[in-house]
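The values are calculated or read from the model by the stated rules, or taken from the named source; none is laboratory data. Values in this document were obtained by computation on a predicted structure and should not be read as measured data. Glycine gets a Cβ as well: all are built from the backbone with ideal geometry, and neighbour counts include every protein chain shown. The area values use the complete protein model at the heavy-atom level, side chains included, leaving out ligands, DNA and RNA. Shrake-Rupley method; radii C 1.70, N 1.55, O 1.52, S 1.80 Å.
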Amino acid sequence: MIKVLIVDDESLARIRLQRLLGKKSDIELVGEARNGLEAVQMAHQYLPDIVLMDVRMPEMDGLEAARQIAKMIPPPAADFLHRL
Amino acid sequence: MSDSGKNPTQIGDYFIPDLCRGQGLLGLSAIAALSAVLIALLHSGIGDFDFLWLGKIGLFVCWIALISALFLCRARPYLTNLSPPQVALINYLLVLLAAALCAVAAEYWNSYSASGIWQADPISILNTVLITAIPAGVILRLYYLQQRLYQQQSASLEARLAALQATIRPHFLFNSMNSLATLIRIDADKAERIVENLCDLFRYALKDSKSVTLKEEVDACERYLEIEKMRLDERLEYSWDIKTALSDIRVPPLILQSLIENAVFHGVQPAIQGGSIYIVIYRCGDWLTIDLVNSLPEPTNNHAALSEITSGHQLALDNLRCRLDAFFSGGAELQETIFKNHYHTRILLKPLEG
């Protein structure tokens, strides 16, 4: 199973990602964060393999969160959501 | 332009074309050659056209043109900070100097080859300088007008660009499409509502009219807020308080919408708990007042993000101020203050009835 953490400040965007990821049987959604700060905390808590992240978010943006997540050992793969 | 980079605006004001380069030099050579033909025609007429004389005068005129070009090209870097009249005067004198030098050289050469004596006739030199003075003045004037035309064209282009920028952020469309992509599956009624609102809003924004009634503007803003409310959900709270009739007041389109969009973009969206927007419209004597109050996100430590927010916001406000000035010719004001972590923007205007 691939553990995935999704990060987006908009609930509609998170719902859509959930639905898209739900179609894959080998993916396990470990958490949903609403901003960069939550993303960093949840990444340490759930140790995901992949973090799917929005760029523009309140509190801490996706770029800064990715920078902090990349310091984890082993670092999860972080990818940005280029929506449309 | 050859030496751009250091101070492009001043180079842009400099009206003499770059005579160090092919195109400017070619233009000048063509003018010189045509002048030579003109002089030859005046000298002998078409009946017994003197090609030998044309050759001689052509060579002479080309020398004047090339030496002028050399002077103007060399002088260019030193003159870019001067005003157009100063530039014109100095360049004019340089051309006359070039003509005088050529005349002196030709006089000496003619007298030496004719009689073996080095001497020059001052009257003849003055003659050459005067003959050069007239076309040189005309050509400098032509260069000046050409530059003015170019400046006017780029100014009108910039104005049109500014008008184009007074539209809804494209990001808003992308956000709405993303909301739609989710809602289509989970809440078809809401999805339908978003499509209707988007339709109304873009029909309004693309209408290309110079003015709309404030009622139309407020309706469009309501559509806009409704769409954003579906995206941001409980993170966006807004309310209206309209205390006056709106349908007889004309305003430029999207003035209030751009303020609300700014409030959502900079005030609500970056705040972790979301935020609120409050809009009040009322009359006070001759003046109509539109107040917009929005909450601000908690002060962030991210200075880069903060300065990006303020500069983007300031740009939008400056743009709006220009549009209000142009529309109400001074009878409108845009004010802004920050108090208790709220941003307060006020549009004051003297309505143009009708």
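Could you list, in sequence order, all residues of the stretch A:61-78 that are surrounded by fewer than 22 Cβ atoms within 10 Å (Cβ to Cβ), aliphatic (A, V, I, L, M) and in contact with a Leu (Cβ under 9 Å, 6 or more places away or on another chain)?
A:M72
Go through the stretch A:1-13 and give me each residue that's within 19 Å of A:A65 (Cα to Cα), open to solvent by less than 30 Å² (accessible area, probe 1.4 Å) and either hydrophobic (A, V, I, L, M, F, W, C) or more than 13 Å from chain B (Cβ to nearest Cβ) (or both).
A:V4, A:L5, A:I6, A:V7, A:A13
From B:L97, B:L93, which residue is open to solvent by 60 Å² or more (accessible area, probe 1.4 Å), modelled with pLDDT of 90 or more and touching a Phe, Trp or Tyr at 6+ places or on another chain (Cβ under 9 Å)?
Details: B:L93 fails: touching a Phe, Trp or Tyr at 6+ places or on another chain (Cβ under 9 Å).
Checking each option against the conditions leaves just B:L97.
Determine which member of the set A:S25, A:S11 is more than 29 Å from B:E298 (Cβ to Cβ) and of a type in the set (S, T, N, Q). Walk me through it before giving the result.
Details: A:S11 fails: more than 29 Å from B:E298 (Cβ to Cβ).
Exactly one residue qualifies, and that residue is A:S25.
Inside the stretch B:164-193, can you point out the residues that are more than 14 Å from every other protein chain (Cβ to nearest Cβ), surrounded by fewer than 16 Cβ atoms within 10 Å (Cβ to Cβ) and at pLDDT below 90?
B:L164, B:Q165, B:T167
Look through the stretch B:34-79, keep the residues that are part of a helix (DSSP H, G or I) and of a type in the set (F, W, Y), and return whichever of them is most open to solvent (accessible area, probe 1.4 Å).
So the first thing to find is which residues in the stretch B:34-79 are part of a helix (DSSP H, G or I), and the list is B:34-44, B:51-79.
Right, trim to of a type in the set (F, W, Y) and you get B:51, B:53, B:60, B:63, B:71, B:78.
Details: B:F51: 148, B:W53: 70, B:F60: 48, B:W63: 142, B:F71: 51, B:Y78: 186 Å².
Among those residues, the one meeting the criterion is B:Y78.
In the set B:V218, B:V195, which member is of a type outside the set (D, E, K, R), within 22 Å of A:R19 (Cα to Cα) and touching a residue at least 12 places away in the same chain (Cβ under 8 Å)?
Numbers: B:V218 fails: within 22 Å of A:R19 (Cα to Cα).
Just a single option satisfies the conditions, and that option is B:V195.
Can you say whether B:S247 is open to solvent by 30 Å² or more (accessible area, probe 1.4 Å) and under 35 Å from the mean Cα position of the chain (by Cα), as far as the supplied structure shows?
Details: open to solvent by 30 Å² or more (accessible area, probe 1.4 Å): yes; under 35 Å from the mean Cα position of the chain (by Cα): yes.
Here the answer is yes, as B:S247 does meet what is asked.
Kindly evaluate B:L82 against the criterion of being within 17 Å of B:P17 (Cβ to Cβ), not hydroxyl-bearing (S, T, Y) and not in a helix (DSSP H, G or I).
It is true that B:L82 is within 17 Å of B:P17 (Cβ to Cβ), not hydroxyl-bearing (S, T, Y) and not in a helix (DSSP H, G or I).
Could you check the stretch B:313-345 and list, in sequence order, the residues that are open to solvent by less than 50 Å² (accessible area, probe 1.4 Å), touching a residue at least 24 places away in the same chain (Cβ under 8 Å) and over 17 Å from B:L292 (Cβ atoms)?
Passing the criteria: only B:F328.
Being in contact with a helix residue (DSSP H, G or I) (Cβ under 6 Å, 6 or more places away or on another chain) and away from chain B (no Cβ under 12 Å) is the filter; apply it to the stretch A:34-50 and report the residue that is surrounded by the fewest Cβ atoms within 10 Å (Cβ to Cβ).
We begin by selecting, within the stretch A:34-50, every residue in contact with a helix residue (DSSP H, G or I) (Cβ under 6 Å, 6 or more places away or on another chain); these are A:36, A:39-40, A:43.
Of the ones still in play, those that are also away from chain B (no Cβ under 12 Å) are A:39-40, A:43.
Working: A:A39: 32, A:V40: 22, A:A43: 25.
In this case the residue turns out to be A:V40.
Restricting the stretch A:14-33 to residues that are touching a helix residue (DSSP H, G or I) at 6+ places or on another chain (Cβ under 6 Å) and at the interface with chain B (Cβ under 10 Å from one of its Cβ atoms), which is least open to solvent (accessible area, probe 1.4 Å)? First the steps, then the outcome.
In the first step, residues of the stretch A:14-33 are kept if they are touching a helix residue (DSSP H, G or I) at 6+ places or on another chain (Cβ under 6 Å); the result is A:15-16, A:27, A:29-33.
With the extra rule that they be at the interface with chain B (Cβ under 10 Å from one of its Cβ atoms), the set shrinks to A:15-16.
Details: A:I15: 58, A:R16: 75 Å².
Of everything passing the filter in the stretch A:14-33, A:I15 is least open to solvent (accessible area, probe 1.4 Å).
Considering only the stretch B:269-283, I want to know if a residue exists there that is within 14 Å of another protein chain (Cβ to nearest Cβ), surrounded by 15 or more Cβ atoms within 10 Å (Cβ to Cβ) and aromatic (F, W, Y).
Looking only at the stretch B:269-283, we keep the residues that are within 14 Å of another protein chain (Cβ to nearest Cβ), and these are B:269-275.
Imposing the further condition that a residue be surrounded by 15 or more Cβ atoms within 10 Å (Cβ to Cβ) reduces the set to B:269-272, B:274-275.
Of the ones still in play, those that are also aromatic (F, W, Y) are none.
Checked the stretch B:269-283: no residue is within 14 Å of another protein chain (Cβ to nearest Cβ), surrounded by 15 or more Cβ atoms within 10 Å (Cβ to Cβ) and aromatic (F, W, Y).
Here's the yes/no breakdown for (1) touching a residue at least 12 places away in the same chain (Cβ under 8 Å); (2) away from every other protein chain (no Cβ under 14 Å); (3) surrounded by fewer than 15 Cβ atoms within 10 Å (Cβ to Cβ):
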| site | (1), (2), (3) |
| --- | --- |
| B:D208 | no, yes, yes |
| B:I242 | yes, yes, yes |
| B:V251 | yes, yes, no |
| B:Q257 | yes, yes, no |
| B:I260 | yes, yes, no |
